[in-house]
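*Asks:* Below you'll find the structure I mean.
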Amino acid sequence: MEGTASAPWDIRSCLLWAKRKLSGAGVDEADREAALILAHVLSTDPADVKVRDGVLDGGQRELVISLVEGRARGTPLPYLLCHTWFLDFSLVVHPGVFIPRPETEGLAELALALARDLPPGARVLDMGTGSGALALALARVRGDISVEAVDVSETALRCAWENAHRLGLSGRISFSRSNLFAEVRGRFHLIVSNPPYVPAERIASLQREVSTHEPRVALDGGEGGLEVLKRILREAPGYLEPRGHLLCEIGDGQGGELIRFAKLASNWVELRVERDIAGRERYLLARC
Ligand code: GLN
């Protein structure tokens, strides 16, 4: 295969080779991703790879080549490594499951702050759990609350359950299949969600690896991007305890219309948009 024979055996040269191949293929963070690949193959961390001397064995070199080639063809790195990080814990992610984003860590932090004030036994719902990131973040810190996680995708639910199992949290979260609230029963103190909110007409213009590899059901918010968020805002009051919170991830510029819609749809006592660390509108907080 083109360029394969040139893959060097020593770690430093191999890192450089991987970086060049990735950046030549248009990967934005070629440096970081090359280090992640070498770190994965050597079972160490990326910082260590950069200062490490030594040579790869035959199997390791083959693996580096196949990962670099897969990535250069556009497959997101977490799918190749079957792994990503969320907050301070490691998550398994498989093709067909939405890869958690850094901005959703901000949503998790807001959810954790709200969860701190919940009474023991409180019920929390993660709507559209994907890999389970938000449900797991909550169950890890509050062993005394009941976390339920739903998703329309069986593939996502299997992955979320696998993550819960690996983190020793499978007994603390109940997973079930539901198209939004269709199969959800009872009321919750907190509902968190990172629903699809990308306008359908913009999906094709997302980065190639997102639009061609990640599940459309986790991204596509319909025409204008607000269809799912509006359904959640309309239906959530029927599933919240008095003074319960709804916390959703949203897209930049969607806050104003969502707040206008929410005010018409229900009697929320509090409605607020928060920004992410890049200063973009990213989180909608509603309290009934
Ligand atoms: N932030 C995601 C992206 O841009 C979109 C996530 C979502 O629709 N929930 O890829």
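*Asks:* Could you work out Rg/(2.2 N^0.38 Å) for the range 116-243, with Rg from alpha carbons only?
*Replies:* Details: Rg = 15.1 Å, N = 128, 2.2 N^0.38 = 13.9 Å.
So the range 116-243 has a normalised radius of gyration of 1.09.
*Asks:* What per residue convex hull volume, in Å³, do the alpha-carbon atoms of the range 52-123 yield?
*Replies:* Values: hull volume 11.6 nm³, N = 72.
It comes to 162 Å³ per residue, whole-number rounded.
*Asks:* Sticking with this structure for a sec: Would you kindly state how much longer the chain becomes between ALA204 and ASP252 on full extension, computed as 0.36 nm times their sequence separation minus their alpha carbon distance, in nm to one decimal?
*Replies:* Working it through step by step, the gained length comes to 15.5 nm.
*Asks:* At 0.36 nm per residue, minus the direct Cα-Cα distance, what do ASP48 and ARG234 gain on full extension? Give it in nm, one decimal, please.
*Replies:* 62.0 nm is the gain from fully extending ASP48 to ARG234.
*Asks:* Could you give the C-alpha radius of gyration of the range 1-154 expressed as a fraction of 2.2 N^0.38 Å, taking N as the number of residues it contains?
*Replies:* On the way: Rg = 19.0 Å, N = 154, 2.2 N^0.38 = 14.9 Å.
For the range 1-154, the normalised Cα radius of gyration is 1.28.
*Asks:* Right, another one. Report, as a whole number in µm² per second, the diffusion coefficient that Stokes-Einstein gives for the chain at 4 °C and 1.567 mPa s using the Kirkwood radius over alpha carbon pairs. Numbers along the way, then the final one.
*Replies:* Working: Rh = 20.2 Å.
The estimated diffusion coefficient comes to 64 µm²/s.
*Asks:* Taking the radius of gyration and the Kirkwood hydrodynamic radius from Cα positions alone, what is the Rg/Rh ratio for the range 216-288, to two decimal places?
*Replies:* 0.95
*Asks:* Just tell me which lysines come within less than 22 Å, Cα to Cα, of LYS263; anything on the same chain fewer than 8 places away is out.
*Replies:* Within reach: LYS230.
*Asks:* Using 0.36 nm per residue of separation minus the Cα-Cα distance, give me the extension gain between LEU16 and THR75 in nm, one decimal.
*Replies:* Working: separation 59, 0.36 × 59 = 21.24 nm, distance 2.01 nm.
So the extension gain works out to 19.2 nm.
*Asks:* Rounded to the nearest 0.05, what FRET efficiency is calculated for ASN179 and SER66 with R0 set to 51 Å and r the Cβ-Cβ distance?
*Replies:* Details: r = 37 Å, r/R0 = 0.73.
Result of the calculation: an efficiency of 0.85.
*Asks:* Highest mean first, what order results for 96-103, 182-189 on Cβ atoms within 10 Å?
*Replies:* Packing order, densest peptide first, comes out as 96-103, 182-189.
*Asks:* Another question about this same structure. In deg cm²/dmol and to the nearest 500, what is the mean residue ellipticity at 222 nm of the chain if only DSSP H runs of at least 4 residues count, each as -39500 (n - 2.57), divided by the residue total?
*Replies:* Details: 11 runs with 114 residues, N = 288.
The helix contribution divided over the chain gives -12000 deg cm²/dmol.
*Asks:* Moving on to the next point. Rank GLY130, GLY224, GLY54 by mean-square fluctuation in a GNM of the chain with C-alpha springs under 10 angstrom and give only the top-ranked residue.
*Replies:* In the Gaussian network model the winner is GLY54.
*Asks:* Antiparallel as a % of all DSSP beta bridges within the chain, to the nearest 5?
*Replies:* Just about 45 percent of them are antiparallel.
*Asks:* Of all accessible surface on the chain at a 1.4 Å probe, what whole percent is carbon and sulfur?
*Replies:* Using a 1.4 Å probe with all protein chains present, the chain comes out at 50 percent carbon and sulfur.
*Asks:* I would also like to ask the following. Beyond 20 Å, how much of the Cα-Cα pair distribution for the range 1-66 remains, as a whole percent? Mind dumping the intermediate values first?
*Replies:* Working: 356 of 2145 pairs.
Of all Cα-Cα pairs in the range 1-66, 17 percent lie more than 20 Å apart.
*Asks:* Would you please give the FRET efficiency between TRP85 and ASN267, computed as 1/(1 + (r/R0)^6) with r the Cβ-Cβ distance and R0 = 35 Å, to the nearest 0.05?
*Replies:* Using R0 = 35 Å, I get an efficiency of 0.30.
*Asks:* Could you name the lysines whose alpha carbon sits less than 30 Å from that of LYS50, not counting residues in the same chain fewer than 8 places away?
*Replies:* Within the straight-line limit of under 30 Å, LYS50 reaches these lysines: LYS19, LYS21.
*Asks:* Taking the simple approach of a point 7 Å from Cα along Cα-to-Cβ for both HIS94 and VAL55, what is their distance in nm?
*Replies:* 3.8
The values are calculated or read from the model by the stated rules, or taken from the named source; none is laboratory data. Because the structure is predicted, anything quoted here is derived from the model rather than measured. We place every Cβ from the backbone using ideal geometry, glycine too, and count neighbours over all the protein chains shown. All accessible areas refer to the heavy atoms of the entire protein, side chains included, with ligands and DNA or RNA removed. Shrake-Rupley method; radii C 1.70, N 1.55, O 1.52, S 1.80 Å.
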